[in-house]
Amino acid sequence: MSEDPKTLFDLCGGHPALDLVNSLDHRYREDGPSERLNDYGDVLRFLAESHLLDLRQVRLLSKDVAPEAGERALQSVRALREATAAVLYPTVGGEPPPAADLRKLERYFLDASRHRELHWKAATGDGPAAQAGVVWRWGRYGSEPNLPLWILANAVSDILFSDQMTHVRACAADTCRWLFLDTSKNHSRRWCDMKICGNRMKARRFQARRED
C-alpha cells in the first residue's frame, strides 16, 4: 500500500469503516501485522485525514484529554476495529459473522447513540443541504476522550446498514487483504491499489510462468 509522506494513513478503502479495519496493516501476514494506531494522537489523525474531525476538534482533544484517558480510548477504538473486521471479512466472503462479534458491535452502536443530541440547524443558503432542520450533534460530548470511538462506531453502522455493503471487497493479494469499496463501473475491482498490490501480483504470476 502506498503512503503519501504528508499523511499517516492510506485511505484507499473508500469508506472510514473500511479504512479503520485497514489500520491494522498486513493483518494476515505470517510474521504478524503492523499496527498503525499506536497512540491516541494516531486515532485523532486518522479521523482528521478521514474528514470525520476538523482541526479545531483535534486540537481540543489533543490538549484536554489526559494520557490515561487517551490510552483507554485507543484500546476501545482498536477493539471496535477488530469487532468490525470479524464481522466484515466473513460477510465479504458470503459467510455469516460470529454472533459474539455482532453483539460487540451492537454495544458500540448503542453507546454511540446515547452520546448524540438533537439540535436545530439554521438555514445557511440555497439547496436541500442548506435548509433549516433538526440534526444530530455531539453537543456537550464533543470534548470527551471517547468522541473518536463514537464517531467511528457511527461510521461502521453507516456502512453495515447501507446498500454499499454489496460492493465491499477484500484485496485479492494474500499478503494484503485490505477492505475497499468497489466503485468501478462493472464492480470487478480486485485490488485495494492497482499500482501496488495489482502490479505486485501480476509480477509474481509472470515470474511463476517463467519458472514453469
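The values are calculated or read from the model by the stated rules, or taken from the named source; none is laboratory data. On a predicted model such as this, the values are computed, not experimentally measured, just so you know. Cβ placement follows ideal geometry from the backbone for every residue including glycine, while neighbour counts extend to all protein chains displayed.
Summary of computed values
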read-out	value
Test: Val168 is at pLDDT 85 or above, within 26 Å of Glu35 (Cβ to Cβ) and in contact with a strand residue (DSSP E or B) (Cβ under 9 Å, 6 or more places away or on another chain)	yes
Close pairs (6 angstrom Cβ cut-off, 6 or more residues apart or separate chains): closer than 30 Å to Glu82 by Cβ in the stretch 106-133, of a type in the set (Gly, Ala, Ser) anywhere	Tyr108/Ala153; Phe109/Ala153; Phe109/Ser157; Ala112/Ala153; Glu117/Gly139
Matching residues in the stretch 88-102 - criterion: being of a type in the set (Gly, Ala, Ser) and farther than 21 Å from His15 by Cβ	Ala99, Ala100
Hits in the stretch 137-195 - residues which are of a type in the set (A, V, I, L, M), more than 19 Å from the chain's Cα centre (by Cα) and crowded, with 18+ Cβ neighbours inside 10 Å	Ala173
Residue count, the stretch 16-36 (criterion: closer than 16 Å to Val87 by Cα and touching a Pro at 6+ places or on another chain (Cβ under 6 Å))	2
Residues being without any contact (Cβ under 8 Å) to a residue 40 or more places away in the chain and outside any helix (DSSP H, G or I) - total across the stretch 134-145	6
Filter result for Ser50 (of a type in the set (Ser, Thr, Tyr) and modelled with pLDDT of 95 or more)	yes
